[in-house]
1. Hey, how many Å between the Cα centroid of segment 68-85 and the Cα centroid of segment 96-135?
2. Have a look at the chain and give its Rg and Dmax from the Cα atoms, expressed in angstrom.
3. Once the Cβ-Cβ distance between T70 and I46 is put in as r, and R0 is 30 Å, what FRET efficiency do you end up with, to the nearest 0.05?
Amino acid sequence: LKENSKDPNYKMDCEVVQSLAKWKRIMLDRLQCEVGEGLYCDSTSIRKGYKGDVTHSAIADQWDFEIRITKEQRTVEQLKEFVRIIWKIVSDAEDYILEQYPQILLEGHPTASTRLPKEITFLTSEELHAMYPAM
């Protein structure tokens, strides 16, 4: 968003993004992000011409990040490492919330017996298909 609009009726201009993935890559260049640097975005968008159904909405609300990496870093193992880092952040956030709100752990609370695993497990689509062939 640009804060200085040319039209006095609007407080800011907006940008219409056709592809969030492409927009993130453009922004990495525009912000001159170095290898290892990146950006986080929170996007709410309307799927043009999409009517929606019982499992999908015409509105997409997503958060995402993009990090500049080298060509050599474009591997499955590197992707898994990024996921492990993100998972640790989510897991640490859960620990923090439980420290701040210990009543969540009280018996009878809907989430008292449910915790995120400390380690994340990776499965391929082939492994999932082998586990659930009827799906």
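Only the coordinates and a few stated rules stand behind these numbers; no lab work does. Computed from a predicted model, the values in this text were never measured in an experiment. For neighbour counting, all protein chains shown are included, and Cβ atoms are generated from backbone atoms with ideal geometry for every residue, glycine included.
1. Cα centres, segment 68-85 to segment 96-135: 24 Å.
2. When restricted to Cα atoms, the chain yields Rg and Dmax of 20.5, 60 Å.
3. Efficiency at R0 = 30 Å is approximately 0.25.
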